Amino acid sequence: MVRISRVMLKEAGNAIDKTLSEILVCPLSKQPLRFCEKTKSLVSDTIGVSFPIKDGIPCLVPKDGKILDEDADASKAS
Amino acid sequence: MRRINSVYGRVEILKRVLEKPTKQSHAFSASRSFSTEGAYGGGGESQQNSSRVKIFDRDLKRVHRDRAAWLSRNKNDTFVDAVAENLLDRLEDCKKSFPSALCLGGSLGAVQRLLRGRGGIEKLIMMDTSHDMIKSCRDAQDDNSIETSYLVGDEEFLPIKESSVDLIISSLGLHWTNDLPGSMIQCKLALKPDGLFLAAILGGETLKELRIACTLAHMEREGGISPRLSPLAQVRDAGNLLTRAGFSLPGVDVDEYVVKYKSALDLIEHLRAMGETNALLQRNKAKFSIFLSRIFSILNRETALATAAIYDSMFATEDGTIPATFQVIYMTGWKEHSSHPQAKRRGSATVSFTDIHKQFGGQS
């Protein structure tokens, strides 16, 4: 239990671990993703979609993605 | 038990006749008469590109896998373990080590548990479409020697950078993808040169007994049939798939496992725990809801009972158990690399076969 919570804390601090941040790309466009500090989500700028991170696990299923409004800021979209 | 199937697999006349309706389901795919229920988030279905043939309901599969995560936790499934063990055993046959590995859907837990330092894996990435499945994997992790990362993603839309991993393992997951060639091509792209792709999928012989029993029961009770079990890849397809995806040194072999159950209900329970229940887009909703999983509850009770009875009478063994066949196709492929042997250009040989024959003694 202690171990798990520690893992969670670590994940929450670093958002996603280094291995993942190095290899993850947008599932649709295969372009690099940007981590958004405000919304704690991964944003694919090419297609304007943000993917959530739940419990430190990035969810990159296209259906989980939220389409960001072009004018609105990424922080408002969540 | 293990046998290598030739390209010209056994032809079972009975099975071919019975499988016809299942095969036809591909042809019907264009029709819109059976669409996904809203209950499973089918709303997005219409937004998706409809030009591609959709056979499986990926959203429903996600729901299945969420359920499977709960049903299978704290339990080790011998069949799934056997497949994972067999797949991972192949890593020992390779001299190469694979520092970074990606493990795709299917029996993630078994792969993680049985890996035991094989293949020299340092970084492991676990990916599944189900968030619950990934979470249960993370909670079950007790081996800290491998740096493991978790990720929710879809095999059909692989979110992995090109040339970034050395090994991709998929144990019993890829047979649920609508676009298997596409997924495999994406896997190949994600691999580094000389990277290895290892996959186990269920083959067309899987659950043949259930297929037969179901079809017979349906014809008898309802005078018609609708697709019950998923269409699965055949052995000959597997080789073609690997070649088409562009893997070099492709290898395919087949294993058949016969699992014995106390009753047909136990079989269904097992399928549920594996998350292997029907997710056909065209399952007949009006009468059957999610067929296979609910065969003995929601659906037409009479047909279900008839299925069980036929299964019993046709296939039951002497000790009262019922066997179910699982055919597993193992696929191995490498991403091309200059170190791989390559065929010379046609007509580039300088020595005649007749001379070779003479040189090495004219046996036969």
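When both bridge partners sit in region B:53-338, DSSP labels roughly 50% of those beta bridges antiparallel.
For B:Gly153, the residues whose modelled amide H falls within less than 5 Å of its own, excluding neighbours fewer than 5 places apart on the same chain, are A:Leu60, B:Asp128, B:Thr129. Among the GluC sites (Glu not before Pro) found in region B:173-252, not one is both in a DSSP coil and sparsely packed, with 15 or fewer other Cβ atoms within 10 Å of its Cβ.
Can you work out D for region B:319-364 in µm² s⁻¹ from Stokes-Einstein, where Rh is the Kirkwood radius over C-alpha pairs, the temperature is 37 °C and the viscosity is 0.692 mPa s?
Value of D from the Cα-based Kirkwood radius: 196 µm²/s.
Sequentially through region A:56-69, phi angles give Karplus couplings (6.51, -1.76, 1.60; θ = phi - 60°) of x, 10, x, 9, 10, 7, x, 5, 6, x, 10, 7, 8, 6 Hz, Gly and Pro residues having no value and appearing as x. Starting from the Cα of A:Lys38, move 7 Å in the Cα-to-Cβ direction to define the label point; list residues of region A:49-69 whose amide nitrogen is under 17 Å from there. Residues passing the 17 Å test: A:49-53, A:66-69. By the count of neighbouring beta-carbon atoms within 10 Å, fewest first, A:Lys38, B:Lys208, A:Lys66 end up ordered A:Lys38, A:Lys66, B:Lys208. Taking 25 Å as the cut-off for C-alpha to C-alpha distance, list the pairs among B:Lys54/B:Lys188; B:Lys95/B:Lys123; A:Lys63/B:Lys188; B:Lys135/B:Lys335; B:Lys54/B:Lys260 that go past it. Long pairs (Cα-Cα over 25 Å): B:Lys135/B:Lys335; B:Lys54/B:Lys260.
Spin-label model, B:Thr321 to B:Leu265: label points 7 Å out along the Cα-to-beta-carbon direction sit 1.9 nm apart. Look at the stretch A:46-53: the mean tally of other chain Cβ atoms within 10 Å of its residues' Cβ atoms is 1.
Per-residue shielding of A:61-67, expressed as the average number of other chain Cβ atoms within 10 Å of the residue Cβ, stands at 5.
For B:Glu222 and B:Arg116, a Förster radius of 60 Å and the Cβ-Cβ distance give a FRET efficiency of 0.75, rounded to the nearest 0.05.
Modelled spin labels at B:Arg345 and B:Asp93, positioned 7 Å past Cα toward Cβ, are 3.4 nm from each other.
Whole-Hz Karplus values for region B:97-107 come out as 10, 10, x, 10, 10, 10, 10, 9, x, x, 7 Hz, taken residue by residue from phi with 6.51 cos²θ - 1.76 cosθ + 1.60 and θ = phi - 60°; glycine and proline positions read x.
What ranking do B:255-268, B:313-326, A:23-36 get when scored by the average of other Cβ atoms within 10 Å per residue, highest first? Display every interim value, and only then the final one.
Values: B:255-268: 16.4, B:313-326: 14.1, A:23-36: 18.4.
Per-residue mean Cβ counts within 10 Å order the peptides as A:23-36, B:255-268, B:313-326.
Placing a label point 7 Å from the Cα of B:Thr78 along the Cα-to-Cβ line, the residues of region B:193-233 whose backbone N sits under 19 Å from it are B:207. Whole-Hz Karplus values for region B:179-190 come out as 10, 4, x, x, 5, 5, 5, 5, 4, 5, 5, 6 Hz, taken residue by residue from phi with 6.51 cos²θ - 1.76 cosθ + 1.60 and θ = phi - 60°; glycine and proline positions read x. Remark on B:Lys192: its backbone amide H falls under 5 Å from those of B:Ser164, B:Val165, B:Asp166, a criterion applied only to residues 5 or more positions apart or on other chains, H modelled at 1.01 Å from N. Of the trypsin sites (Lys or Arg not before Pro) found in region B:309-351, those in coil by DSSP whose Cβ has at most 11 other Cβ atoms within 10 Å are B:Lys344, B:Arg345, B:Arg346.
Any read-out appearing in this document is the output of simple, stated calculations on the displayed coordinates, not a laboratory observation. These numbers come from a predicted model, not from an experiment. Backbone-built Cβ (ideal geometry, glycine too); neighbour counts: all protein chains shown.
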